[in-house]
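Only the coordinates and a few stated rules stand behind these numbers; no lab work does. Not measured: the values here are computed from a predicted model. We place every Cβ from the backbone using ideal geometry, glycine too, and count neighbours over all the protein chains shown.
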Amino acid sequence: MPEKELRKKVIGKNGLSNLLLALKIVCDLIPQILLVYLISSLITNNISEDNLKYIFLGIFISFVLKGVFYYFATKVAHEKAYEKLTELRIDIIGHLKKLSLGFFKEHNTGELTNIVQHDV
């Protein structure tokens with residue numbers, strides 16, 4: 001399989017992971033925005049106790065969502081990566097099945113196993 005085709009297949013499967021990472025980044029920004037709002041409100045002395053509670057609640061929720069999005073982004077990315085590795089190894093084994101016996105006289109099984117297990 002050509003490298004460009006392989007990259008296209010792998011990148012195409014990471015859409016959900018990329019979306020979850022983008023949401024994680026948005027959740028990273030929310031506390032900063034809320035802190036700027038809080039500081040601005042404190043400077044202008046225009047803050048109530050309810051607003052303060054909502055700001056801290058928003059910060060807390062954004063941290064929780066950030067962790068959740070990061071967890072699932074990592075989980076999905078790893079699952080897709082292992083799925084692709086398995087597909088590649090199966091493709092290599094399928095190709096090895098088609099080769100002549102002369103090829104296996106030149107290459108020992110340990111070398112081929114090392115390629116399939118470690119180099120892929």
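Exposure proxy for LEU29, LEU16: other Cβ atoms within 10 Å of each Cβ, ordered fewest to most, give LEU29, LEU16. Multiplying each eigenvalue of the alpha-carbon gyration tensor of the chain by 5 and taking the square root yields semi-axes of 55, 12, 10 Å, largest first, rounded to whole angstroms. Here LYS98 is the anchor, and the aspartates and glutamates within straight C-alpha reach of less than 16 Å, apart from those fewer than 8 places off in the same chain, are GLU106. Going by neighbour counts of Cβ atoms within 10 Å, the residues VAL36, VAL76, VAL68 line up, fewest first, as VAL36, VAL68, VAL76. Candidates ASN45, ILE30, THR113 compared by Cα position along the dipole of the range 3-119: farthest toward the positive end lies THR113, with charges placed on Cβ. Between TYR54 and GLU79, the modelled labels are 3.7 nm apart [label points 7 Å from Cα along Cα→Cβ].
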